[in-house]
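Right, one structure below, let's go through it.
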Amino acid sequence: MRRLLRGGVPASVIAVLLAVSTAATARGQDSTLDILIVNGRMLDGTGNPEVRADIGIRGDRIVAIGALAGMRARRVVDARGLYVAPGFIDIHSHADAALASDDTASRGAPNLVTQGITTVLGAPDGRNRMWPVSREIAAFRSHGIALNIAPMVGHNTVRAEVMKSDYEREATPAEVARMRALVHQGMEEGAWGMSGGLEYRPGRFSSPDEVVALAKEVTPYAGLYIAHQRSEAQLPSVWQYPSMVTRWPVDGVRALEETIRVAREDGIVAVGSHIKAQGRSSFGRSAIDVGLVDRARAEGLQVYFDQYPWDSYGGGRSTLIPRWALVDDTAQASGGLDSPRLRTPGILSHARANLRRTLADPARRRVLEQDIDFLIDADGGADQLLILDHPDSTLIGHTLADAAARMGKTDIETVIEFALTGNEAIPEGASLRNRAMDEADIDRYMQQEYTATSTDAGVDVIRSGDRGARGLHPRFYGSFPRKIAHYARDRHVITLPFAIRSATSLPAQIVGFADRGMLREGFKADVVVFDLAHLRDNATYLNPRQFSEGIEYVLVNGQFTLDHGKLTGARPGVVIERTGTAARPRRAVTLSPGGTR
């Protein structure tokens, strides 16, 4: 039951009403604005169509919206022919590491600012950069940040705090109680909810009951649970191969059902993060996922997705050779790709010799080929695996299927040939980028009114002398512009107002922000101005370090972080803490009719 102030009005609502009242008073007076944006085509973030309106900003807030030609301002931005929207909110970001660092350039987050991003969530995939949350908040504040950040409690972090290295098992009731206390502590220190990384260590050893129990500590705060789920494919691809399966596997459907269970049993918002149907054998699963969420929402549950608009997952090269075939002792790699044993220095120094030994044993070779076949499928198929680096430069930019055809070998034989004769510094002998998702699934997820935009990307700073970052995911540089330009403007998968809503008011609603995510008097002045005709994501799989074009101005709390398309170096971001212990109300945003096409 929500704790209310006298008169039954929640504190956060009173704060916004006071801000709006102050804005209205300021508008009635002819006082000078700090910034006046005129002649813009305003998309307010709700999904409504554009309106022609000017926006007046004083300090860190929007104080006036309308026909403001008569108002004085220290700076006037003529947005004629440009769109004006709320700042973009990224609810699955890995920017927290850079924003907590001592590196000034990283705190400027140039690859994110140039996408129009003004706010990110912390603790992605269940992991805080520092513990406790209060220490992490202090680090964010210590040297200034270009983006706002909202802290979260990481499930992996609290599990590691309690269970230390003895985590490859289910927690005892006493350990769960201690973890719950840490989640409660984090919420009291200002977190907005709990994040999970259930495909990663140590979270993947937790039971669903443990996750539900911990998330109950979020319920009194009307917080959220956002999760990298246990699987997005037929198997949890981060750590499991067919040869390792000893019980019924957790696939993408069962993982989503677990997320929905948290929403049902704890009564909180639950988000299936960077949603995807990964692997050729999973193509089409989006229809099942959407059906599950539609049914859950029909029950009244608060279930959402977030999604980055690309057909490739992961931050590096594809892994097509199971590690058990490359080490001296199979037990060394028994924990999968994320096994701590595989971090032992030199563990793969005899990879080729060990692979030859594996191939010489007919029984082990059959198992190896079975695993390779699965890994190729999980990465989209041989015709979807793009070669990024190989000693034979003529193969770069072609697919594994192309290479197999040229070599007169099967796909599996080609993977093995690469590992035996390619680049010795890479276990696979070549760097390949998966394209593991089908466009029809990407479209279907995107068209749902409960799917927010995200990047799943951190900060990348191009420094003097840097070589190309082939293998970096282009989502680092182009996710938000790509969704608007490619999917809304060019392909008409969604409408422009729908795309803007998925990047602004929808994520604000998911998290619970009361004064961000829409262009409204009294709201914080997080604003993006962009040229739709020239908006373009330039980053590619072969050349990912390319800034997007078409974002002209970005304001964070009323200060320019991008001005005339140029980075200003300003760091006006703040830590958005959830304040007080009272449950905060959630602001519902109604989608306008005709959101998708």
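The values are calculated or read from the model by the stated rules, or taken from the named source; none is laboratory data. These numbers come from a predicted model, not from an experiment. Glycine also receives a Cβ, built like all others from the backbone with ideal geometry; neighbour counts cover every protein chain displayed.
From the list 104, 157, 114, which one is in contact with a Leu (Cβ under 7 Å, 6 or more places away or on another chain) and modelled with pLDDT of 95 or more? Outline the logic, then answer.
On the way: 104 fails: in contact with a Leu (Cβ under 7 Å, 6 or more places away or on another chain); 157 fails: in contact with a Leu (Cβ under 7 Å, 6 or more places away or on another chain).
After applying the criteria, what remains is 114.
If a residue must be touching a Ser or Thr at 6+ places or on another chain (Cβ under 7 Å), not in a strand (DSSP E or B) and not hydroxyl-bearing (Ser, Thr, Tyr), how many such residues does the range 435-452 contain?
The first filter runs over the range 435-452 and keeps only residues touching a Ser or Thr at 6+ places or on another chain (Cβ under 7 Å), leaving 435-436, 441, 444-445, 447, 451-452.
This time we only want the ones that are not in a strand (DSSP E or B), so: 435-436, 441, 444-445, 447.
Retained after the next criterion (residues that are not hydroxyl-bearing (Ser, Thr, Tyr)): 435-436, 441, 444, 447.
So the count comes out to 5.
Find the strands (runs of 3 or more DSSP E) located wholly in the range 492-581 whose residues include 2 or more that are assigned by TED's automatic domain parsing to the domain that holds residue 100 and either within 17 Å of residue 454 (Cβ to Cβ) or among the polar types (S, T, N, Q) (or both), and list them.
Working: elements: 527-530, 551-556, 559-563.
By residue number, 559-563.
Tell me the residue from 487, 477 that is closer than 22 Å to residue 289 by Cα and at pLDDT 95 or above, please. Spell out how you get there, then give the answer.
Working: 477 fails: closer than 22 Å to residue 289 by Cα.
Sole residue among the options that is closer than 22 Å to residue 289 by Cα and at pLDDT 95 or above: 487.
Can you tell me how many residues in the range 477-498 are over 21 Å from residue 540 (Cβ atoms) and out of contact with any Asp or Glu (no Cβ under 9 Å at 6 or more places or on another chain)? Before the answer, list the steps.
Filtering the range 477-498 down to residues over 21 Å from residue 540 (Cβ atoms) leaves 492, 494-498.
The next check asks that each one be out of contact with any Asp or Glu (no Cβ under 9 Å at 6 or more places or on another chain); those that pass are 492, 495.
Selection size over the range 477-498: 2.
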Mind checking whether some residue in the range 428-445 is under 21 Å from residue 115 (Cα atoms), touching a Phe, Trp or Tyr at 6+ places or on another chain (Cβ under 7 Å) and touching a residue at least 12 places away in the same chain (Cβ under 8 Å)? no
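Yes/no per residue for (1) more than 21 Å from residue 297 (Cα to Cα); (2) hydroxyl-bearing (Ser, Thr, Tyr); (3) at pLDDT below 95:
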{"position": "209", "(1), (2), (3)": "yes, no, no"}
{"position": "214", "(1), (2), (3)": "yes, no, no"}
{"position": "218", "(1), (2), (3)": "no, no, no"}
{"position": "224", "(1), (2), (3)": "no, no, no"}
{"position": "229", "(1), (2), (3)": "no, no, no"}
{"position": "240", "(1), (2), (3)": "yes, no, yes"}
{"position": "244", "(1), (2), (3)": "yes, no, yes"}
Determine whether the range 526-533 contains at least one residue that is touching a Ser or Thr at 6+ places or on another chain (Cβ under 9 Å), crowded, with 22+ Cβ neighbours inside 10 Å and more than 22 Å from residue 476 (Cβ to Cβ). yes
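Does residue 327 satisfy the condition of being farther than 22 Å from residue 434 by Cα, surrounded by 13 or more Cβ atoms within 10 Å (Cβ to Cβ) and touching a Phe, Trp or Tyr at 6+ places or on another chain (Cβ under 7 Å)? Break it down into steps so the answer makes sense when it comes.
Working: farther than 22 Å from residue 434 by Cα: yes; surrounded by 13 or more Cβ atoms within 10 Å (Cβ to Cβ): yes; touching a Phe, Trp or Tyr at 6+ places or on another chain (Cβ under 7 Å): no.
Here the answer is no, as residue 327 does not meet what is asked.
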Selection from the range 49-93 of residues of a type outside the set (A, V, I, L, M), surrounded by fewer than 19 Cβ atoms within 10 Å (Cβ to Cβ) and not in a loop (DSSP other than H, G, I, E, B) yields 52, 66, 74, 75, 78
Within the range 172-194, restricting to residues that are outside any helix (DSSP H, G or I), under 28 Å from the mean Cα position of the chain (by Cα) and not acidic (Asp, Glu), the one that is farthest from residue 513 (Cα to Cα) is 194
Taking the range 157-187 and keeping residues of a type in the set (S, T, N, Q) and either within 20 Å of residue 223 (Cβ to Cβ) or touching a residue at least 40 places away in the same chain (Cβ under 8 Å) (or both) leaves 157, 185
Subset of the range 313-365, residues of a type in the set (Phe, Trp, Tyr) and within 18 Å of residue 424 (Cα to Cα), comes to 324
Exercise for the section: May I ask you to verify whether residue 288 is hydrophobic (A, V, I, L, M, F, W, C), at pLDDT 95 or above and over 19 Å from residue 302 (Cβ atoms)? Expected result: yes
Note: among 308, 304, just one is assigned by TED's automatic domain parsing to the domain that holds residue 489 and out of contact with any Gly (no Cβ under 8 Å at 6 or more places or on another chain), namely 308
>> Any residue that is free of Cβ contacts under 8 Å to residues at least 60 places away in the same chain, among the β-branched types (Val, Ile, Thr) and over 25 Å from residue 376 (Cβ atoms) - is there at least one of those in the range 297-305?
In response: no
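Which residues, counting only those in the range 366-389, are among the charged types (D, E, K, R) and over 14 Å from residue 240 (Cβ atoms)? Before you say what the answer is, go through the steps one by one.
Initial filter on the range 366-389 (among the charged types (D, E, K, R)): 366, 369, 371, 373, 377, 379, 383, 389.
Correct list: 366, 369, 373, 379, 383, 389.
What residue, of 90, 44, 96, 34, is at pLDDT 95 or above and either more than 32 Å from the chain's Cα centre (by Cα) or of a type in the set (A, V, I, L, M) (or both)? Please lay out each step first, then the result.
Details: 90 fails: either more than 32 Å from the chain's Cα centre (by Cα) or of a type in the set (A, V, I, L, M) (or both); 44 fails: either more than 32 Å from the chain's Cα centre (by Cα) or of a type in the set (A, V, I, L, M) (or both); 96 fails: either more than 32 Å from the chain's Cα centre (by Cα) or of a type in the set (A, V, I, L, M) (or both).
Testing whether each residue is at pLDDT 95 or above and either more than 32 Å from the chain's Cα centre (by Cα) or of a type in the set (A, V, I, L, M) (or both) leaves just 34.
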With criteria (1) surrounded by fewer than 17 Cβ atoms within 10 Å (Cβ to Cβ); (2) free of Cβ contacts under 8 Å to residues at least 40 places away in the same chain, residue 420 comes up short on (2)
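When residues of the range 453-491 are filtered for being out of contact with any strand residue (DSSP E or B) (no Cβ under 9 Å at 6 or more places or on another chain) and assigned to a helix (DSSP H, G or I), how many remain? Even if it seems obvious, please write down each step before you answer.
We begin by selecting, within the range 453-491, every residue out of contact with any strand residue (DSSP E or B) (no Cβ under 9 Å at 6 or more places or on another chain); these are 458-459, 461-469, 472, 474-477, 489-491.
Subset that is assigned to a helix (DSSP H, G or I): 475-477, 489-490.
Adding up the residues that qualify gives 5.
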When the range 286-328 is checked residue by residue, the ones that are within 27 Å of the chain's Cα centre (by Cα), among the aliphatic types (A, V, I, L, M) and within 20 Å of residue 388 (Cβ to Cβ) are 320
Taking the range 298-313 and keeping residues in contact with a strand residue (DSSP E or B) (Cβ under 6 Å, 6 or more places away or on another chain) and charged (D, E, K, R) leaves 306
Checked pairs for the range 55-69, first modelled with pLDDT of 95 or more, second buried (at least 19 other Cβ atoms within 10 Å of the Cβ) and among the aromatic types (Phe, Trp, Tyr), C-beta under 6 Å and 6 or more apart or across chains, list as 62/523
